[in-house]
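Right, one structure below, let's go through it.
Derivation of every value follows stated rules applied to the coordinates shown; laboratory data play no part. Worth saying up front: this structure is predicted, and the values here are computed from it rather than measured. When we count neighbours, we look across all protein chains shown, and the Cβ atoms used for this are built from the backbone with ideal geometry, even at glycine.
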There are 2 protein chains.
Amino acid sequence: MISSIAELISDRIGTMPAGERRAAQTLIASYPLIGLKTVAEFSAAAGVSSPTILRFVARLGFQNYPEFQSALQDELAAQLQSPASRTLNPPSPNGGAVSPMLEATLDNLRETFRHLSDKQLADIVAKLADRRGKTFLIGGRFTDPLARYMAAHLAIIQPNVFHLAGQESVWRDRLIDMGKRDVLVIFDIRRYQESLVRFAETAHQRGVQIVLFTDQWLSPIARFARHVIAGRTAVPSAWDSSAALFVVAETLIGAVTRQLEADGAKRIRELESLR
Amino acid sequence: MISSIAELISDRIGTMPAGERRAAQTLIASYPLIGLKTVAEFSAAAGVSSPTILRFVARLGFQNYPEFQSALQDELAAQLQSPASRTLNPPSPNGGAVSPMLEATLDNLRETFRHLSDKQLADIVAKLADRRGKTFLIGGRFTDPLARYMAAHLAIIQPNVFHLAGQESVWRDRLIDMGKRDVLVIFDIRRYQESLVRFAETAHQRGVQIVLFTDQWLSPIARFARHVIAGRTAVPSAWDSSAALFVVAETLIGAVTRQLEADGAKRIRELESLR
DNA sequence: GGAGCGCTGTACCGTATGTTACGTATTTTG
DNA sequence: CAAAATACGTAACATACGGTACAGCGCTCC
């Protein structure tokens, strides 16, 4: 059963030629607004010619462009009159195989944040925003990209942020640079990596404060960590999900940025003037 | 402070002559749909003549009717992109400072998947699981970690998966290895990187099928992409969020794994025996 | 490698749309 | 009550919008 035009599109997008598919994608991307504008604007936004737009709506089964627009408007009207249906519609409009994954991830996010106190986050933010020391980030086989992601952001808003990459021997040598005032952010989920544990232990002995991102079963590194963030990872997949940790990381990035702005950090002002 | 057109109307409706007041009331009654239709339809619905409608919108301060319609559309866009859920949702169990970020991310995830059909995902999965060609992954400044994350998983379950890292000149040279049967997965969100666009264009010319992860405003690479995944990125932070794209990536990883298992790929069986 | 097909864009056309001028009706004011 | 000002609709107009014919191009399939 196809009720909305969006569904109709995604149903037929596979059978469309390249140009019309671009039209379909731009419409879906900012649905349904582009469709309410003129053919010329639509075509410009999609980067195709106007006839392609018209052929596109024709393929969807509409006699002409105005009829297509009317349909979009009717849909909008229905949506606006019952705003609840829009966000609540739990019988996922997308009854297929993907939604279990989405549902599980949404649950994981909520659960992860439920066990996360504001105080805990505030402490970590304060530590990360305190620029008397250096910040090192590292991750395991699958989580190292998370460390990179966080490092990419933090390195912009403050100096002395380093992502530890490459061979184990390489980052072991960086231990020399680490001391009491420094922070080490580690991402480690099952199966926990022995090399990371060793690294964390040594760093801990040197007085480095460790912020650990791990799963709900806690990596052994938790023993040495000053702050532990335990994210839910279970999803209906062969792999564990790092999405919850990813979102916590983004939250921290945002909070640290805000904190530094509040501190009136010169660097932030300079950055803004560069944009 | 008057923000919406509806407020503007109710503010001035007192000073309007009879005919225009009828127009105003008709518009408010089924706001804003009538305003998106033609002047003729609007006037008919209000029971007045077309010039009255035009005088009405002129009194609101608009130069002409199209300008008025654009304003209505912009308002709708803003309304649709920040779903009402934010106001309707149960006042988050965790009333603290982090929850806006979490709420926005949850919304982004739902919205992103709402615009994503099973068919579309299935097509991409089929392409990624089709092992007659190679798979290349690359990302932008902030999204390259996502490419790495995906590559780390895909490289385990199948051969010929390559993450393109380092200098632009390095991956440009890899173009030589790419052909019609190959897939290029690109992550690119605002601000879109010129170097990536050039790279995508050249790859496209070589017949490489491109799977693009981008934001809702679509990277210019969408022009060359066979498949486009548009994720929502807006969060209350100085940075855009890649969480939605991350979850889509995880979903794809899981689906590809399942697909290969279903295909009875020898590699998967070998992997299992190794564990 | 060649022939056929299908897709796409350019250029042009008819028309529906927004706009304006003007005459009539209605209300307001001295 | 008269006269003027304001409001409204009819009708004519110009623009820009949607629609179409056609030619070029790339792709696929012999």
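For A:K180, give me every one of the aspartates and glutamates with a C-alpha distance below 20 angstrom, ignoring sequence neighbours fewer than eight places off in its own chain.
The reachable aspartates and glutamates, counting only those whose Cα sits under 20 Å from A:K180, are A:D123, A:D130, A:E201.
Neighbour counts of other C-beta atoms within 10 Å: give me A:W171, A:W239, A:W217 arranged from fewest to most.
A:W217, A:W239, A:W171
Can you compute the helix-only [θ] at 222 nm over the protein assembly as shown? Use -39500 (n - 2.57) per DSSP H run of at least 4 residues, normalise by all residues, nearest 500 deg cm²/dmol.
After summing the helix terms and dividing by the residues of the protein assembly as shown, the value is -17000 deg cm²/dmol.
Two decimals is fine: what's Rg over Rh for region B:5-81, C-alpha atoms, Kirkwood radius as Rh?
Using only Cα positions, Rg/Rh for region B:5-81 is 0.93.
Near the amide H of B:G140, under 5 Å away, which other amide H atoms are found, from residues 5 or more places off or on another chain, if H is placed in the peptide plane?
B:F187, B:I189
So what is log10(I(q)/I(0)) for region A:170-261 at q = 0.19, 0.20, 0.21 1/Å, when the Debye sum runs over its Cα atoms only?
Debye intensities relative to I(0), on a log10 scale: -0.93, -0.99, -1.06.
What is the mean projected area of the alpha carbon convex hull for region B:100-274, to one decimal in square nanometres?
10.3
Highest GNM mean-square fluctuation, chain A, Cα pairs closer than 10 Å: which of A:S43, A:S99, A:S241?
Ranking A:S43, A:S99, A:S241 by mean-square fluctuation puts A:S43 first.
Tell me the distances, shortest first, between B:R131 and the same position across the other copies, using label points 7 Å along Cα→Cβ, in nm to one decimal.
Listed shortest first, these distances are 5.0 nm.
Normalised by the number of residues in chain B, what is the relative contact order in percent for Cα pairs under 8 Å and 6+ residues apart?
15 percent.
Region A:115-189 to region B:4-41: how many Å between their Cα centroids?
Spelled out, the Cα-based centre of one part sits 56 Å from the other.
Quick one, could you list the DSSP H helices from chain A stretching 18 Å or more along their long axis (Cα atoms) with average Kyte-Doolittle hydropathy of 0.0 or above?
A:144-157, A:243-262
Going out from 0 in 10 Å bins, what whole percent of all Cα-Cα distances in the protein assembly as shown drops into each bin?
Percent of Cα pairs in each bin: 3, 16, 25, 25, 17, 9, 4, 1, 0.
Using modelled backbone amide H atoms (1.01 Å from N, in-plane), which distant-in-sequence or interchain residues come within less than 5 Å of A:I229's amide H?
Amide H neighbours of A:I229: A:L212, A:F213, A:T214.
Tell me the distances, shortest first, between B:I176 and the same position across the other copies, using label points 7 Å along Cα→Cβ, in nm to one decimal.
Ordered by increasing distance: 3.8 nm.
Just to confirm the numbers: A:R269, label point 7 angstrom along the Cα-Cβ line, distances to the other copies in nm, shortest first?
When each copy's label point is compared with this one, the spacings are 6.8 nm.
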